[in-house]
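Enquirer: One structure is given below, represented as structure tokens, and several questions about it will come after.
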Amino acid sequence: MWAKATAKIRVKVDIMPGAKSIRWYYLLPLLLLPALALAAPVTAHGSNISYTTGPAVALVAQFDNGEPMAGAQVTIYAPDDPVNPWMTGTCDAEGRFTFMPDPDRPGNWEVQVRQSGHGDIVVIPVGAGMATAAGMGEGVARYAPVMQPVGGVGGYTPLQLLVMGASVVWGCVGTALFFINRK
Amino acid sequence: MHLPDGILPVTVCAAGYATGGALTWYALRKINRQANPRARVPQAALLTAAFFVASWIHIPVPPTSVHLILNGLLGVLLGYYAVPAILIGLFFQAVMFQHGGLTTLGVNATMMGLPALLAYVLFRLRFLFGRESRAGTGLAGFLGGAGGLALAVLIFYGLLVTTIPATLDIRMERAAITALALAHIPVVLLEGVFTALVVLFLQRVRPDLLDGASGWTPPVPVAAPDPSLPGIRGADEPHA
């Protein structure tokens with residue numbers, strides 16, 4: 001598809017060699033774009049926090065290229081006080097952090113993990129809210145581990161990301177072709 | 001180096017939208033005053049694609065890893081068009097990959113767009129050496145590519161260091177921010193060299209492209225299309 005698009009432009013250049021408005025050289029680097037994307041499909045510098053809940057909550061914080069957010073600072077807010085931190089702490093070298101929410105304060109616990117301007121906030125339901133999240137009865141869900149990826153590029157497979165990226169790139173190429181033809 | 005949602009205070013995000021909006025307005029006004037505002041839209045569109053993809057390319061700089069930005073390259077090659085190009089690239093990075101964020105779109109656009117205009121100014125230094133000088137063009141390209149990113153890193157550093165929330169361990173967070181900013185030094189040099197190579201290549205094959213971006217008025221090859229006839233193909237071509 002890429003080679004075909006470039007070939008099409010080259011034909012136009014041959015037809016109108018004097019037309020300075022056609023900047024076909026700009027299309028050449030595009031041939032490299034899909035290769036670069038394949039080499040590193042998910043390496044945007046976002047962050048991705050997953051957690052497991054049971055009696056305690058275990059977090060794993062990673063940049064979305066899979067690198068752990070070692071030493072990232074964790075701030076936890078209880079459901080009834082979103083202003084003052086209930087607890088603060090630091091992730092270990094693997095980006096892990098474990099804490100025991102107060103079971104007498106059910107609701108949505110907010111956990112912010114951040115390091116050097118990158119980070120994310122996850123909302124972890126505890127108690128009654130957790131039962132809803134797990135889709136089970138309260139007594140069961142309270143101790144059933146719930147694995148839930150949150151934030152970052154979670155939810156998309158590398159192939160989906162590749163297709164999304166390629167569609168944006170193709171949109172840009174299409175814009176360029178549209179304006180070239182209007183000259 | 002994109003600032004995500006939830007890191008900056010709301011006031012900073014709002015101020016970022018104000019400065020980003022003003023910057024975009026200024027750039028669009030400058031573009032609209034050119035003889036043919038559409039002439040460079042194809043380049044801008046293709047470099048938007050390059051900017052969009054560049055953040056996927058990671059460079060490991062222990063203990064962290066950083067990615068390409070290319071805002072200096074866009075400034076050098078596009079001039080004022082770099083601002084809308086960066087804004088559109090950032091928007092798609094935010095909505096598609098949660099890279100950056102919609103609340104911080106204005107902040108990020110200012111952080112990268114303003115230095116892109118600086119890169120454009122730095123690249124004009126090549127006229128001091130004469131338009132044909134390859135050494136002068138290469139040096140100015142390096143300065144533009146590296147200077148554009150360096151200023152963006154400084155803005156990034158300044159914004160983060162002055163807005164660390166009191167609930168965090170400020171000393172530790174400041175050290176982490178400083179480490180990340182310093183990790184961008186190799187990227188600054190790399191993008192400078194890359195920009196220099198690109199402008200030297202263009203100087204050899206299509207020097208008119210560099211002139212157009214640098215405010216040098218190139219001869220207008222065809223009359224500007226009539227804007228009232230946008231859908232009619234070839235409306236500006238002479239009749240046989």
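The values are calculated or read from the model by the stated rules, or taken from the named source; none is laboratory data. Values in this document were obtained by computation on a predicted structure and should not be read as measured data. No Cβ is skipped: glycine too gets one built from the backbone with ideal geometry, and neighbour counts run over all protein chains shown. Each accessible area value is taken on the protein alone, full model and side chains, heavy atoms only, with ligands, DNA and RNA left out. Shrake-Rupley method; radii C 1.70, N 1.55, O 1.52, S 1.80 Å.
Enquirer: Residue A:122 - would you say it is within 14 Å of chain B (Cβ to nearest Cβ), touching a Leu at 6+ places or on another chain (Cβ under 7 Å) and at pLDDT 75 or above?
Expert: On the way: within 14 Å of chain B (Cβ to nearest Cβ): yes; touching a Leu at 6+ places or on another chain (Cβ under 7 Å): no; at pLDDT 75 or above: yes.
Answer is no for this residue.
Enquirer: Could you check residue B:209 against (1) closer than 30 Å to residue B:65 by Cα; (2) at pLDDT below 90; (3) surrounded by 15 or more Cβ atoms within 10 Å (Cβ to Cβ) and say which number it fails?
Expert: Single failed check for residue B:209: (1).
Enquirer: Which of the residues belonging to region B:43-71 are closer than 22 Å to residue B:210 by Cβ and more than 16 Å from the chain's Cα centre (by Cα)? Please lay out each step first, then the result.
Expert: Applying the first criterion (closer than 22 Å to residue B:210 by Cβ) to region B:43-71 yields B:43-51, B:54, B:68-71.
None - no residue of region B:43-71 is closer than 22 Å to residue B:210 by Cβ and more than 16 Å from the chain's Cα centre (by Cα), so the list stays empty.
Enquirer: Being without any contact (Cβ under 8 Å) to a residue 12 or more places away in the chain, open to solvent by 60 Å² or more (accessible area, probe 1.4 Å) and away from chain A (no Cβ under 14 Å) narrows it down to one of B:166, B:135, so name that one.
Expert: On the way: B:166 fails: away from chain A (no Cβ under 14 Å).
Selected residue: B:135, the only one of B:166, B:135 that is without any contact (Cβ under 8 Å) to a residue 12 or more places away in the chain, open to solvent by 60 Å² or more (accessible area, probe 1.4 Å) and away from chain A (no Cβ under 14 Å).
Enquirer: Hey, could you check region A:73-126 for residues that are in contact (Cβ under 8 Å) with a residue 40 or more places away in the chain and of a type in the set (A, V, I, L, M) and say which is farthest from residue B:170 (Cα to Cα)?
Expert: A:126
Enquirer: Only one of these is of a type in the set (A, V, I, L, M), at pLDDT 75 or above and either closer than 29 Å to residue B:184 by Cα or touching a strand residue (DSSP E or B) at 6+ places or on another chain (Cβ under 8 Å) (or both): A:70, A:37. Name it. Outline the logic, then answer.
Expert: On the way: A:37 fails: at pLDDT 75 or above.
None of the others qualify; the one that does is A:70.
Enquirer: A further question follows. Among (1) over 30 Å from residue B:174 (Cβ atoms); (2) aromatic (Phe, Trp, Tyr); (3) modelled with pLDDT under 90, which single condition is residue A:170 missing?
Expert: Going through (1) over 30 Å from residue B:174 (Cβ atoms); (2) aromatic (Phe, Trp, Tyr); (3) modelled with pLDDT under 90 one by one, residue A:170 breaks only (3).
Enquirer: With B:29, B:40, B:33 as the choices, which residue is open to solvent by less than 70 Å² (accessible area, probe 1.4 Å) and basic (Lys, Arg)?
Expert: B:40
Enquirer: Out of the residues in region A:49-67 meeting the condition of being at the interface with another protein chain (Cβ under 9 Å from one of its Cβ atoms) and at pLDDT below 75, tell me which one is farthest from residue A:105 (Cα to Cα). Outline the logic, then answer.
Expert: The initial filter retains those residues of region A:49-67 that are at the interface with another protein chain (Cβ under 9 Å from one of its Cβ atoms), namely A:63-65, A:67.
Now drop any that are not at pLDDT below 75, which leaves A:64-65.
Details: A:64: 32, A:65: 35 Å.
The selected residue is A:65.
Enquirer: Tell me yes or no: at least one residue of region B:182-189 is more than 14 Å from chain A (Cβ to nearest Cβ), part of a helix (DSSP H, G or I) and touching a residue at least 60 places away in the same chain (Cβ under 8 Å). Give the steps one after another, and end with the answer.
Expert: Kept after step one, since they are more than 14 Å from chain A (Cβ to nearest Cβ), are these residues of region B:182-189: B:185-186, B:188-189.
Narrowing further to those that are part of a helix (DSSP H, G or I): B:185-186, B:188-189.
Checking the rest, the ones that are also touching a residue at least 60 places away in the same chain (Cβ under 8 Å) come to B:186.
Yes, there is a match, as at least one residue in region B:182-189 is more than 14 Å from chain A (Cβ to nearest Cβ), part of a helix (DSSP H, G or I) and touching a residue at least 60 places away in the same chain (Cβ under 8 Å).
Enquirer: Evaluate the following for residue B:24: is it open to solvent by less than 40 Å² (accessible area, probe 1.4 Å), of a type in the set (Val, Ile, Thr) and modelled with pLDDT under 95? If you could, list the steps in order and put the result at the bottom.
Expert: On the way: open to solvent by less than 40 Å² (accessible area, probe 1.4 Å): yes; of a type in the set (Val, Ile, Thr): yes; modelled with pLDDT under 95: no.
No.
Enquirer: Could you list all residues from region A:104-128 that are part of a strand (DSSP E or B) and open to solvent by 40 Å² or more (accessible area, probe 1.4 Å)?
Expert: Residues of region A:104-128 that are part of a strand (DSSP E or B), as a first pass: A:107-115, A:118-126.
Answer for region A:104-128, where residues must be part of a strand (DSSP E or B) and open to solvent by 40 Å² or more (accessible area, probe 1.4 Å): A:108, A:110, A:121, A:123.
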